[in-house]
C-alpha cells in the first residue's frame, strides 16, 4: 500500500516525507526512482538509551534500531527470568541475518 502511494506521488510530481523502519521492504515494491535518507542508531549509552545520529545520511537507508531496542529490554530484564530468555532468543535470531 505504501509503495503504491509513493509511486503515485512520484508520477504526479508531488513531494512527501515518510518516516518508517520498513524502507527496505517498501523499496522492493517501487519501480520509480525515489530518494531515501536515513538516520543511524549507533548503540546504547550507560543508561541503556539509544545513541542516535539524527543528522540524516542522504541517499542511504539508516541503520535500524529494533535489535538495539531488544538488547535494551534484554539487559534490563532479570537474569534467569523467562522474559530475558525470550529476548535472548530474539537477539540470537536477529544476529543470524
field: Acute angle (nearest 10 degrees) that the helix 82-96 long axis makes with the longest principal axis of the chain, alpha-carbon atoms
entry: 50 degrees
query: So how much slack lies between residue 16 and residue 90, counting 0.36 nm per residue of separation and subtracting their Cα-Cα distance, in nm?
result: 23.3 nm
statement: In whole angstrom, the spacing between the Cα centers of region 1-30 and region 36-97 equals 25 Å
query: Given a cut-off of under 8 Å on Cα pairs at least six residues apart, what relative contact order in percent is computed for the chain?
result: 19 percent
task: Rounded to the nearest 10 degrees, what's the angle between the helix 2-12 long axis and the longest principal axis of the chain, both from Cα atoms, 0 to 90?
output: 30 degrees
message: With angles folded into 0 to 90 degrees, how steeply does helix 66-76 sit against the dominant principal axis of the chain? Use alpha carbons for both and round to 10.
response: 20 degrees
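Values quoted throughout were computed directly from the atomic coordinates according to the rules given, and no laboratory measurement underlies them. Keep in mind it's a predicted model, so treat the numbers as computed, not measured.
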